[in-house]
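Coordinate-derived values only; no laboratory data. What you are looking at is a predicted structure, and each value in this text was computed from that prediction instead of being measured. So basically every Cβ, Gly included, is an ideal-geometry build from the backbone, and we count neighbours across all protein chains shown.
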Amino acid sequence: MTNEKTTLSSPADEQRTPLLKRLTGANTLWIGLVLLVLVAVFGAIRPDAIFQVTTLQFLLAETAVLLVLSVGMTFVIITSGIDLSVGSVLVFASVSSAMAMNAVSGGDATNAGWGVIAFGLLVAVVSGAVWGLLNGLLISRAKIPPLIVTLGSFGAAQGAALLLNNGSNVSGIPDRLNRTFGSGTWFGIPNIVIVAAIVTALGALLLSTTRFGRYTYAVGSNEEAARRVGISVRGHLTKVYLLAGTLAGLAGFMGNAFFRVAVVTGHETDNLNAIAAVVLGGTSIFGGTGSVLGTVFGVFIPAVLEKGLVIIGVKEFWQPIAVAIVLVAAVWLDQTRRRARNQR
Amino acid sequence: MSEPLLEARDLTKNYGTVEALRGASFTAYPGEVVSLIGDNGAGKSTLVKCLSGVERPTSGTLLFDGEPLTLNSPNDARDRGIETVFQDLAVAPDLDPAANMYLGREILKPGILGFLGVLDKKAMRRKAAEHFTRFGATLQSIDVPIAALSGGQRQSVAVARSVAWASKLVFMDEPTAALGVVQRERVLDVIKRVRDEGIAVVLISHNMPEVLSVSDRVEVLRLGRRVARFKAADTTVEELVGAMTGALSQEDAA
């Protein structure tokens with residue numbers, strides 16, 4: 001940043017900060033470098049194991065579901081909110097979708113066709129959307145803090161999912177779904193990863209280029225200012241939580257395709273993993289700033305750490321500790337930057 | 001003198017049993033700077049809220065260009081070219097000046113992209129830069145977050161934004177409070193420029209020398225009522241203070 005003041009004397013002259021300066025000023029670049037360094041370090045130690053197609057395929061596929069959750073979480077956190085319910089909503093959507101597919105196939109959907117699969121997708125997405133809408137309405141209309149509302153739906157959605165099938169997993173996921181989207185690949189890239197990549201790209205475009213994205217930043221940056229310029233803050237918050245719920249529903253369906261079963265356990269910490277990914281990616285927990293690209297890096301840092309530590313023979317128990325350090329450091333960095341900026 | 005642009009007659013506003021306005025009147029003419037002064041609790045803020053659509057008066061009439069006017073929301077006022085610079089600025093600190101200026105009024109790309117809600121950031125930046133130049137806001141760059149600007153620059157962005165959209169009248173609630181000497185001069189300069197474009201400015205301020213230096217007229221509120229009207233050129237700080245404290249009153253003011 002130069003200290004020299006430039007008067008905007010000629011209107012045609014756009015006072016844009018040079019690209020390089022904008023990049024180095026952004027958290028996203030640094031967090032991307034951290035990811036790159038991690039890959040490089042693990043790659044240098046065990047190039048044979050790390051750069052194997054199957055290792056990478058598996059890493060990507062496992063991360064795809066979390067990535068979709070984290071894209072929704074990015075929007076929520078930019079509005080300075082939080083969504084603790086995503087993992088439970090995922091489970092609920094996954095169970096209800098699997099049961100719906102079974103129900104329309106006479107009890108077992110294993111050999112069902114595309115029509116049933118499409119129906120299952122619809123059920124998953126809609127049930128995710130309903131939870132998201134409920135969160136959004138309680139937060140924006142009833143003015144209950146997001147932490148409390150989504151803590152409530154975190155428990156309620158999990159409970160509802162257990163009630164649906166009496167607490168057990170739901171099998172009978174269509175083979176065709178698993179073969180195509182669960183284990184299928186396209187030029188070596190797992191199809192489930194392609195789906196996640198498309199969702200992520202759409203999310204990134206929505207956030208950075210559209211009015212919806214701009215309002216998301218504005219609401220998180222100064223709710224009162226947004227209200228005074230005539231933005232419907234309540235409507236926008238509802239839409240953001242609706243988006244997060246819908247994506248959680250989609251993630252539930254992706255999970256069904258990948259694991260061939262709707263599992264009711266194992267997603268209790270998805271919410272925390274998604275929040276960690278978003279914050280690692282440079283999105284401020286105080287709202288107003290952040291990016292989907294950063295979230296992509298933030299999703300892969302813990303994943304790479306986990307895989308890498310296992311491969312180079314370090315106990316995997318070190319992984320959460322390593323992630324914790326990076327996470328706290330990231331937030332500390334964000335705080336320091338903000339303080340320096342706001343002192344002017 | 002020409003016809004009043006905005007006229008309020010006998011406004012009352014009750015908050016429960018508290019009477020914030022007790023038959024207050026107010027007049028603003030096109031292309032003038034009129035200051036609204038009064039001691040704390042005189043009803044200045046309530047009056048401005050009623051005139052900018054934030055609050056609805058309990059009784060009384062508003063006339064705009066001679067026509068009766070009802071304001072149900074700030075948007076009603078905005079639609080008529082009336083803007084307000086709030087005391088607490090109301091900008092989004094994480095957005096850049098151009099984004100703030102166009103907040104709620106974004107320019108979309110033409111065609112299908114615009115239909116999908118895609119912003120035309122380039123056009124907004126260009127027009128914002130033109131506008132800031134016109135109103136003498138000196139910014140280091142047009143794409144840093146507002147929070148990275150100094151207090152004075154933030155203030156000039158807030159003022160420039162309201163001025164950009166006001167075609168008739170701007171309310172400025174203590175726009176120079178908490179500003180340094182140089183910044184204050186700059187804001188006063190902007191006020192004069194806005195007036196020279198034919199837009200009426202209503203300035204609320206506690207700083208009497210400032211009021212006298214920038215205003216064409218001064219209206220004084222006391223206890224929810226207009227108690228005096230002055231031409232700025234013919235009055236003194238002593239007279240203004242006298243009117244504010246009740247030592248002096250004009251028969252025909254209310």
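Beyond 13 Å, what percent of the Cα pairs of the range A:179-242 remain?
It works out to 69 percent of all Cα pairs.
Under 14 Å from the 7 Å Cα→Cβ point of residue B:75, by amide nitrogen: which residues of the range A:210-237?
Zone members listed by number: A:227-236.
Farthest toward the dipole's positive end in the range A:48-338, which of A:80, A:219, A:119, given Cβ charges of +1 (Lys, Arg) and -1 (Asp, Glu) about the Cα centre?
About the Cα centre, the residue reaching furthest to the positive side is A:219.
Note down, for the protein assembly as shown, the three equivalent ellipsoid semi-axes (square root of 5 times each alpha carbon gyration tensor eigenvalue), biggest first, whole angstrom. Provide the component values of the computation, followed by the final result.
Working: eigenvalues 637, 151, 75 Å².
Here the semi-axes work out to 56, 27, 19 Å.
Indicate the helices, whole DSSP H runs only, in chain A that combine a mean Kyte-Doolittle hydropathy of 1.0 or more with a Cα extent along their long axis of 18 angstrom or more.
A:27-45, A:53-78, A:86-104, A:114-140, A:146-164, A:191-209, A:292-311
Using Cα pairs under 8 angstrom and six or more residues apart, how large is the relative contact order of chain B, in percent?
27 percent
Give me the net charge of residue A:158's neighbourhood, meaning all other residues with Cβ under 15 Å from the Cβ of residue A:158; Lys, Arg count +1, Asp, Glu -1.
-3
Would you mind working out the magnitude of the charge dipole of the protein assembly as shown relative to its Cα centre, with +1 at each Lys and Arg C-beta and -1 at each Asp and Glu C-beta, to the nearest 20 Debye?
780 debye
Under a point-charge model restricted to the Cβ atoms of Lys and Arg (+1) and Asp and Glu (-1), what is the dipole moment magnitude of the range B:96-165 relative to its Cα centre, in debye to the nearest 20?
Dipole magnitude for the range B:96-165 comes out near 120 debye.
Tally Lys and Arg at +1 and Asp and Glu at -1 over the other residues with C-beta under 14 Å from the C-beta of residue A:303: what net charge comes out?
-3
Quick one: if the Förster radius is 22 Å, what FRET efficiency do residue A:325 and residue A:46 give, using the C-beta to C-beta distance and rounding to 0.05?
Efficiency for this residue pair is about 0.50.
Mind grabbing the base-10 log of I(q)/I(0) for the range B:96-165 at q = 0.13, 0.19, 0.26 Å⁻¹? Debye formula, identical points on the C-alpha positions, no solvent, two decimal places.
Debye curve over Cα of the range B:96-165, log10 I(q)/I(0) at q = 0.13, 0.19, 0.26 Å⁻¹: -0.36, -0.70, -1.14.
Taking the dipole about the Cα centre of the protein assembly as shown, with the C-beta of Lys and Arg at +1 and of Asp and Glu at -1, give me whichever of A:101, A:296, A:183 is farthest to the positive side.
So the residue we want is A:183.
If you take each beta carbon of peptide A:223-235 and count the beta carbons of other chains within 10 angstrom, what is the mean?
Taking the mean over all residues of the peptide, I get 5.
Among B:170, B:144, B:18, which one shows the highest mean-square fluctuation when chain B is modelled as a Gaussian network with alpha-carbon springs under 10 Å?
Of the options given, B:18 has the highest mean-square fluctuation.
Just from its helices, what would the mean residue ellipticity at 222 nm be for the protein assembly as shown, if runs of 4 or more DSSP H residues each count -39500 (n - 2.57) and the sum is divided by every residue, rounded to the nearest 500 deg cm²/dmol?
Calculated at 222 nm, the ellipticity per residue is -17500 deg cm²/dmol.
So if R0 is 30 Å, what FRET efficiency would residue A:259 and residue A:187 give, r being the distance between their Cβ atoms, rounded to the nearest 0.05?
E between residue A:259 and residue A:187, to the nearest 0.05, is 0.80.
Work out, step by step, the length gained on full extension between residue B:39 and residue B:241: first 0.36 nm times the residue separation, then minus their alpha carbon distance; give nm to one decimal.
Values: separation 202, 0.36 × 202 = 72.72 nm, distance 0.89 nm.
In short, 71.8 nm is gained.
What's the FRET efficiency of residue A:208 with residue A:143 using the Cβ-Cβ distance as r and R₀ = 25 Å, to the nearest 0.05?
Using R0 = 25 Å, I get an efficiency of 0.30.
Output the Kirkwood hydrodynamic radius of the range A:30-148, Cα pairs only, in Å rounded to one decimal. Mind dumping the intermediate values first?
Working: mean 1/r = 0.0570 Å⁻¹.
Over the range A:30-148, the inverse of the mean reciprocal pair distance is 17.5 Å.
Counting only the backbone N, which residues of the range A:59-98 are under 17 Å from the spot 7 Å out from the Cα of residue A:151 toward its beta-carbon?
A:81-88
Using Cα springs under 10 Å in a Gaussian network model of chain B, which residue among B:239, B:83, B:67 shows the largest mean-square fluctuation?
Largest GNM mean-square fluctuation: B:67.
Any idea what % of Cα-Cα pairs in the range A:252-344 are farther than 23 Å? Don't skip to the answer; put the middle values down first.
Numbers: 1642 of 4278 pairs.
That tail contains 38 percent of the Cα-Cα pairs.
Averaged across B:141-151, how many Cβ atoms of other chains sit within 10 Å of each residue's Cβ atom?
Counting Cβ atoms of other protein chains within 10 Å of each residue's Cβ and averaging gives 5.
Residues of A:32-39, mean number of Cβ from any other protein chain within 10 Å of their own Cβ, rounded to a whole number? Write down the numbers at each step before the final one.
Details: counts 0, 0, 0, 0, 0, 0, 0, 0.
Across the residues of A:32-39, the mean count of other-chain Cβ atoms within 10 Å is 0.
Among the helices of chain B (complete DSSP H runs), which have Cα atoms covering no less than 15 Å along the helix axis and a Kyte-Doolittle mean of at least -0.5?
Going by DSSP H runs, the hits are B:151-165, B:181-196.
Please identify, among B:30, B:74, B:209, the residue showing maximal mean-square fluctuation in a Gaussian network model of chain B using a 10 angstrom Cα cutoff.
B:209
What is the range A:48-338 by shape, rounded, prolate or oblate, if you read a ≥ b ≥ c off the alpha carbon gyration tensor as root eigenvalues and call it rounded for a/c under 1.5, prolate for a/b larger than b/c, and oblate otherwise?
oblate
So what's chain B giving for Rg/Rh, alpha carbon basis, Kirkwood Rh from the mean inverse pair distance?
That ratio is 1.00, to two decimals.
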